[in-house]
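Take a look at the structure set out below.
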Amino acid sequence: MLTKRLILIYLGVYFNIFSVLGQGELNGLVNWLTFKEAQEKNKIQAKPFLIDLYTDWCGWCKHMMKTTYSNPNIAAYINQNFYPVKFNAETKDTIEYNGKIYKPLSPDPRTPHELTIKFLGSNLSYPSTVFVTNNFEYNLLTQGFYDEKKIEPLLVFITENAWRTGIYDEFAKHFEHAFYDTTFKKVPVKSYSFKELETLQKKKPRKVLVNIGTNFCNTCRVMKQTTFCDTAIANYITKNFYLVHFDAESNDTLTFKNQKYFKQLISNYPLHSLSLALTNNRLSLPALVVMDEQLNPVETLNFYQSPQQLVPVLRYFGSNYYKTGNWKTFIEEYQAGKRK
């Protein structure tokens, strides 16, 4: 009896191992949640949702789970920065989402769920991935199979709040240039230190742009290596501004306008106090500070700025329009071709 019992135990372990492996293929390395779990966690700490819409019969859905969502780096990034929800688009369950109840439309197989229709409309394509953030107000839908490289800019676009200021397709293009495209042509823009800046201002005063970033900030890298290397922007900056690239994690003690600034704990994270002073304590990475000829901060642009977005901004301040007119009037005239 003892021998028979050991055999049964080994068989149980054997089948359990293959059961876990099978679950790994089905779920990857992402810690998937139900809608209920994700919404409960979001009440405690707000994070964007990553919703994977799949069906049992979808081969590409399974392939994405086995590859993209089984990549340790991708899965770790998702687990840290998102509430990931794996949603069967044809489930027969009743689901509460953002205060509303959604039900199956039919007991028949291969019938989309009411919540699926909300996310996808009539374009029922799988796999589909929906990103939801800003208290359920912002939704980004992507469809089709995404490998590890293709999903990277999507995750960064949402996590680092580039969606607040940018268009995804445009951002993805510049992300590719910054991280992967070795043939991308860059137009160098001379940048200065704060010490050099104060000397320059005494000789030839100009307005100043301070681009604040960190090494861990992906959108900072995209902006530095593409936005500031765009030909139109580079030429305009060279003629009208001095540019400073400033690392918000710098260990240097800096003297700026006769006051010392240094690295210190800010909200339990070590950041340079000058980055807070320049942004009037409104630092969100990346941050672009516009200063006048007397080195007084005039405006702070938080989050990622694409070349297309930044051109009119630079002209607004570079032309001194900001001193007499508002942004709304300027951008209307700019878009109408009245200002170049």
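Values quoted throughout were computed directly from the atomic coordinates according to the rules given, and no laboratory measurement underlies them. Not measured: the values here are computed from a predicted model. For neighbour counting, all protein chains shown are included, and Cβ atoms are generated from backbone atoms with ideal geometry for every residue, glycine included.
Just the isolated ones, please: cysteines in the chain lacking another cysteine beta carbon under 4.7 angstrom.
C229
Residue by residue, what Karplus-based ³J(HN,Hα) values in Hz, rounded to whole numbers, does the range 278-291 have, using 6.51, -1.76 and 1.60 with θ = phi - 60° and x for Gly and Pro?
Calculated HN-Hα couplings, in order: 5, 9, 6, 6, 10, 7, 9, 7, x, 10, 10, 9, 9, 10 Hz.
Please report, in debye to the nearest 20, how large the charge dipole of the chain is about its Cα centre when each Lys and Arg carries +1 at its beta carbon and each Asp and Glu carries -1 there.
Numbers: 40 positive and 30 negative charges, 200 e Å.
Result for the chain is approximately 960 debye, rounded to the nearest 20.
Rounded to the nearest 5, what % of DSSP beta bridges with both residues in the range 194-335 are antiparallel?
On the way: 17 of 24 bridges.
Rounded to the nearest five, the antiparallel share is 70 percent.
Efficiency by 1/(1 + (r/R0)^6): what FRET value for T165 and T238, r their Cβ-Cβ distance, R0 = 22 Å, to the nearest 0.05? Don't jump to the answer; show the numbers that get you there.
Working: r = 24 Å, r/R0 = 1.09.
Once the sixth-power term is evaluated, E becomes 0.40.
Calculate, for K150 and T91, the FRET efficiency according to 1/(1 + (r/R0)^6) with r their C-beta to C-beta distance and R0 30 Å; round to the nearest 0.05. Before the final figure, lay out each step's value.
Numbers: r = 27 Å, r/R0 = 0.89.
After rounding to 0.05, the efficiency reads 0.65.
Among T34, T116, T329, which one moves the most in a GNM of the chain with springs linking Cα atoms closer than 10 Å?
Among T34, T116, T329, the largest GNM mean-square fluctuation belongs to T329.
Given a Förster distance of 25 angstrom, what is the FRET efficiency for F179 paired with N268, based on the Cβ-Cβ distance and rounded to 0.05?
Numbers: r = 29 Å, r/R0 = 1.17.
After rounding, the FRET efficiency stands at 0.30.
Ordered by residue, what ³J(HN,Hα) values in Hz, to whole numbers, does the range 250-257 give under the Karplus form 6.51 cos²θ - 1.76 cosθ + 1.60, where θ = phi - 60° and Gly and Pro are x?
4, 8, 6, 8, 10, 10, 9, 6
Under the 0.36 nm per residue contour assumption, what length would be gained going from the current alpha-carbon distance of R282 and E299 to full extension? If you can, show how the numbers build up before the last one.
Working: separation 17, 0.36 × 17 = 6.12 nm, distance 1.07 nm.
Once the chain is fully extended between R282 and E299, it gains 5.0 nm.
Measure off 7 Å from each Cα along the Cα-to-Cβ vector at L140 and A336, then give the distance between these two points in nanometres to one decimal.
Going from the L140 label point to the A336 one covers 3.3 nm.
Contour minus end-to-end for K203 and T111, with contour as 0.36 nm per residue of separation and end-to-end as the Cα-Cα distance? Spell out each step's value before the answer.
On the way: separation 92, 0.36 × 92 = 33.12 nm, distance 7.21 nm.
Once the chain is fully extended between K203 and T111, it gains 25.9 nm.
Of the candidates L301, L200, L283, which one comes out as most mobile in a Gaussian network treatment of the chain with C-alpha springs shorter than 10 Å?
Comparing L301, L200, L283 in the GNM, the peak value goes to L200.
Peptides 205-212, 121-128, 254-261: what's the order by average Cβ count within 10 Å, highest mean first?
Values: 205-212: 21.2, 121-128: 15.1, 254-261: 12.6.
Going by the mean number of other Cβ atoms within 10 Å, highest first, we get 205-212, 121-128, 254-261.
Could you pull out every residue, at least 5 positions away or on a different chain, whose amide H is within less than 5 Å of the one on Y102? Hs are placed 1.01 Å off N in the peptide plane, and Pro or chain starts have none.
Hits under the 5 Å cutoff: I95, E96, Y97.
Taking amide H positions as placed in the peptide plane 1.01 Å from N, state which residues far from I266 in sequence (5 or more) or on other chains have amide H under 5 Å from it.
Distant-sequence amide H within range of I266: L271.
Given only helices, namely DSSP H runs of n ≥ 4 each adding -39500 (n - 2.57), what is the per-residue ellipticity at 222 nm of the chain, to the nearest 500 deg cm²/dmol? List each step's numbers first, then the result.
Values: 13 runs with 140 residues, N = 340.
Value at 222 nm, helices only, nearest 500: -12500 deg cm²/dmol.
Which of K150, K202, K66 ends up with the largest GNM mean-square fluctuation for the chain, with Cα atoms connected below 10 Å?
Between K150, K202, K66, it is K202 that shows the largest mean-square fluctuation.
Going by amide H atoms built from the backbone, whose H comes under 5 Å of the H on R339, apart from near neighbours?
Under 5 Å from the amide H of R339: Y334.
Over the chain, what is the percentage of antiparallel beta bridges among all DSSP beta bridges, to the nearest 5?
Values: 32 of 47 bridges.
Antiparallel: roughly 70 percent of the beta bridges in the chain.
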